[in-house]
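One structure is given here, and the rest of the page talks about it.
The values are calculated or read from the model by the stated rules, or taken from the named source; none is laboratory data. Given the structure is predicted, the values throughout are model-derived calculations rather than measurements. Here the Cβ is made from the backbone with ideal geometry for all residues, glycine too, and neighbour counts use every protein chain on show. Remember, those area values only see protein heavy atoms, side chains included, never the ligands or the DNA or RNA. Shrake-Rupley method; radii C 1.70, N 1.55, O 1.52, S 1.80 Å.
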2 protein chains.
Amino acid sequence: MKHAYVAIMAGGIGSRFWPASREETPKQFLDILGTGQSLLKSTFDRFKKIVPLSNIYILTNERYRDLVKKQLPKLKDDQIIGEPMRRNTAPCVAYFAFKIQQLDPQAQLIIAPSDHLVLKPKEFRKTIKTAVYYTAGNDDLVTLGIRPVRPDTGYGYIQYLDDSEEGGTYRVKTFTEKPGLSLAKTFLESGDFLWNSGIFIWKAKTILESFEKHLPEIYDNFFRGIDKYNSEKEASFIKKAYSTCPNISIDFGIMEKANNVRVIPASFGWSDLGTWSSLYEHYEKDYYSNAVSGKRVMVYDAANCMVMAPDDKLVVLQGLDNYIIVDTEDVLLIFEKTEEQKIKEITDDIKRKKLGKFL
Amino acid sequence: MKHAYVAIMAGGIGSRFWPASREETPKQFLDILGTGQSLLKSTFDRFKKIVPLSNIYILTNERYRDLVKKQLPKLKDDQIIGEPMRRNTAPCVAYFAFKIQQLDPQAQLIIAPSDHLVLKPKEFRKTIKTAVYYTAGNDDLVTLGIRPVRPDTGYGYIQYLDDSEEGGTYRVKTFTEKPGLSLAKTFLESGDFLWNSGIFIWKAKTILESFEKHLPEIYDNFFRGIDKYNSEKEASFIKKAYSTCPNISIDFGIMEKANNVRVIPASFGWSDLGTWSSLYEHYEKDYYSNAVSGKRVMVYDAANCMVMAPDDKLVVLQGLDNYIIVDTEDVLLIFEKTEEQKIKEITDDIKRKKLGKFL
C-alpha cells in the first residue's frame, strides 16, 4: 500500500447539524456520536490501519488547520492541505491529484469524507484494499457502493451491471439522485442499486486524465501550477487558482459523465450521518427510543427524541414525541425530526437577520 | 392611613416556577412578567401610594435580606423583617402583629403576598382603603375576595352573604379549597363566590386576639418575646421562637375558624400568578398565541407556548403546541402546559438525585 494516498475531506461546515455543528467547529470535528472522539479522528484511525501514516492527508479549509492539528497531532504540517475557500469536491480532488502525482507518479488516491460512520472497520479495510488492488492494474474510477438495507430517500443510488464483475468491481450503469420513497423501494427490491458513499479510489494519473476530458477548465486551472506543487510557491498559487475555479462536485463533474466508472458493492455498516435522523438511528436509545447525549437529561413521557445537551446542563423533557432537541451555550433548537430538512431554511433566516454569530 | 402598616410577604421559594424561579432567587424577585421590574418592586410601588413608605415592611427569609435591600433601596434595615426559617403564614403574621402592636397600639395591618399581579392599581387602592376604614371601627378580620371571571380550579373560593353588607364588606359564609371544574362552574354561576386573594386587613389587636383564641400555641410562642420586640434581643428570640413554632397557614389556622371574618368583593385585575398557565394568560402573545420572553426567540409552526430564555440566547422552536419552554444558564425545561402540576414531582426527583444545586 505504499503508493496508496488517502485524502480525508474535512472542509464541510456541517450546516445540517446546526446548532451542534457550528461554522467554527463543524460536525467532523465533533464527537457527535458520543464515542469519545471526533468523526475526523475515527476516520483517520480507520485509514491508519490501511496505509502508512505519512500517506494520509487532510484536506480542509485553511481556517480549520489548527483544529486538525490539535485533533491529529501525529500529522506533519504538510499533511494538512488547507483550501483557501470552499469550492466543492472537484477542485479539491484535482489539487490533491496534481500534488501527489508529482511526489509519486505511481500514486493511487483514496478520497474519503471525514464525517461518515463505519461500524465494521475490518470489512471497510477489505473493501478499500480490493479497490486499491484493482485500480493498480486498471485505469478505472472506482467508487464504493453500499448495499442498501432500507429504501432511504436521503442517499444517491448507483445502479451496476450484475454480470460485469472483475476483481470485485462492477461496471456502473447509472447514478441516480435522491429518489422518492416509491422509487427507493423499487431500487431496494431490484437488488442492483447501491447507496453512493462518496468514497473513491483511483490512480492520480487516471483521475487527472478524467479531469482533462470532463472538466478541462479545472484541469487547466491546476495544471498551471505544475512547477509550484510541493514548493514554497504552492500556497499563493492555490489561493489564486481557487479564486477562479468553478464550484462543482466530483460526482456531477466526473463520475456521472465518465464511462470507466466501476463500483464495489460493500456492507461495512456505513452511514453518511448526514441528518439528525441518521445520527439518531445510530445512537444508543433508552426504553422509549430516546437518543440522549448529555449526562443530566431527565426524560418523562417523551419518546423517539434526539437530545443533545452539555454534560453540566440539567435538561427536563416531558411530553415530546419525535423531536430533535439540541442545547448549546448560546443556541437552543427544538424541532420535529420529520421536519429537519427545514433547519436549512432556519439558518438562512438567521443569516438574513444578521445573527451569523450563532451559525 | 398613618396607623396602617403593610406586611409584604416575600419568603416563598416559588417552586412552581422552577427553573425560572430558583431557591437563590425566587419568583417574587424576578421580572417574570417582563415589565422591567420584579413582582416585589411592583407590589411595593402599589402600597407606596396607599401608606407612608416608613409603614411598609417586607417579611422574608433572612437569606433574601440582601436581595430585598438591593431591589428596594429606600427601605430602612428594620423594615426588612427576616424570618430564620420557613413556617408558612400564621407564625409570620403573629410575629408582625406583636412587633407592630408594640410600636403603635392602634396599628392596622395589611397583609399581602409579594408575587401577585394587579392590573388596576386605582381599584386596588380603593379596595384597600375601604378595608382600612372598616377595620378602624370594627374588630373584624377582613379579606379581599376577587369577583371570578372564569371557573378557575386553581384558586380557593370564599362564599359571602349577599344581604350582610356593611361599609363595603360582607359576612363570609364559607371558605372552600380549590374545587373541581363542575363545582367551580356552579360557584361562578351562583354569583356569591369570590376567589381567595390572600390579602388581609385587620387591627393588630384583633388578629392577636384571634391567635389567642384559635392558635394559642403560636400566640404563646410569640407572646413570650413581648419585652424583646424592637430591641436588640428580637433576632435571637425570633430564631428560637420559630424553631419551636408549628407550620400552619393563616387561612387554615384562623380564617376558616373565626366567625368575625368579612370579605370585600373586588375587581382589580388580579392574578396570583401561581402557575405557568396563569402567567401565560397575562403575557402579551404573538399571532399564534405564543408568550415569549427573550429577545432572540424564533418560532416556527408553534402555538400556545410559554417561552422564557435569556435575551442573548438564540432559541429556535418548531412544531410545539401548548408547551412551557424555560431555558436558563444551567437548566432547560420543556413541559406540556397541561401537565405543569407535575413539575413539583420533577423537582422532588431532582432533590432525590442530589442535584439540589439546580433547584
* Inspect all residues belonging to the range A:41-54 and state whether any of them is farther than 20 Å from residue A:27 by Cα and open to solvent by less than 50 Å² (accessible area, probe 1.4 Å). => yes
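Taking the condition within 11 Å of chain A (Cβ to nearest Cβ), basic (Lys, Arg), in contact with a Leu (Cβ under 8 Å, 6 or more places away or on another chain) and open to solvent by less than 30 Å² (accessible area, probe 1.4 Å), does residue B:313 pass?
Values: within 11 Å of chain A (Cβ to nearest Cβ): yes; basic (Lys, Arg): yes; in contact with a Leu (Cβ under 8 Å, 6 or more places away or on another chain): yes; open to solvent by less than 30 Å² (accessible area, probe 1.4 Å): yes.
Yes.
Taking the stated definitions as given, is residue A:131 open to solvent by less than 30 Å² (accessible area, probe 1.4 Å), at pLDDT 95 or above, in a helix (DSSP H, G or I) and among the aliphatic types (A, V, I, L, M)?
Details: open to solvent by less than 30 Å² (accessible area, probe 1.4 Å): yes; at pLDDT 95 or above: yes; in a helix (DSSP H, G or I): yes; among the aliphatic types (A, V, I, L, M): yes.
Here the answer is yes, as residue A:131 does meet what is asked.
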* To do: Could you please give the count of residues in the range A:173-187 that are open to solvent by 60 Å² or more (accessible area, probe 1.4 Å) and touching a residue at least 24 places away in the same chain (Cβ under 8 Å)?
  => 3
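Being within 14 Å of chain A (Cβ to nearest Cβ) and within 29 Å of residue B:347 (Cα to Cα): is that true of residue B:84 here? Break it down into steps so the answer makes sense when it comes.
Details: within 14 Å of chain A (Cβ to nearest Cβ): no; within 29 Å of residue B:347 (Cα to Cα): yes.
No; evaluated as a whole, the condition is false for this residue.
Can you report the number of residues in the range B:328-341 which are open to solvent by 10 Å² or more (accessible area, probe 1.4 Å) and at the interface with chain A (Cβ under 7 Å from one of its Cβ atoms)?
As a first pass, look at the range B:328-341 and keep what is open to solvent by 10 Å² or more (accessible area, probe 1.4 Å): B:328-330, B:336-341.
Going one step further and asking which of them are at the interface with chain A (Cβ under 7 Å from one of its Cβ atoms), we end up with B:330, B:336, B:339.
Final tally of qualifying residues: 3.
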* Quick one: residue A:308 ticks every box in (1) open to solvent by less than 40 Å² (accessible area, probe 1.4 Å); (2) more than 11 Å from chain B (Cβ to nearest Cβ); (3) under 29 Å from residue A:147 (Cβ atoms) except a single one, so which number is it? => (3)
* Asked: Checking residue B:126 against (1) more than 30 Å from residue B:293 (Cα to Cα); (2) open to solvent by 70 Å² or more (accessible area, probe 1.4 Å); (3) modelled with pLDDT under 95, which single condition isn't satisfied?
  -> (3)
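Being acidic (Asp, Glu) and open to solvent by 50 Å² or more (accessible area, probe 1.4 Å) is the requirement here; does residue A:349 meet it? Walk me through it before giving the result.
Numbers: acidic (Asp, Glu): yes; open to solvent by 50 Å² or more (accessible area, probe 1.4 Å): no.
In short, no.
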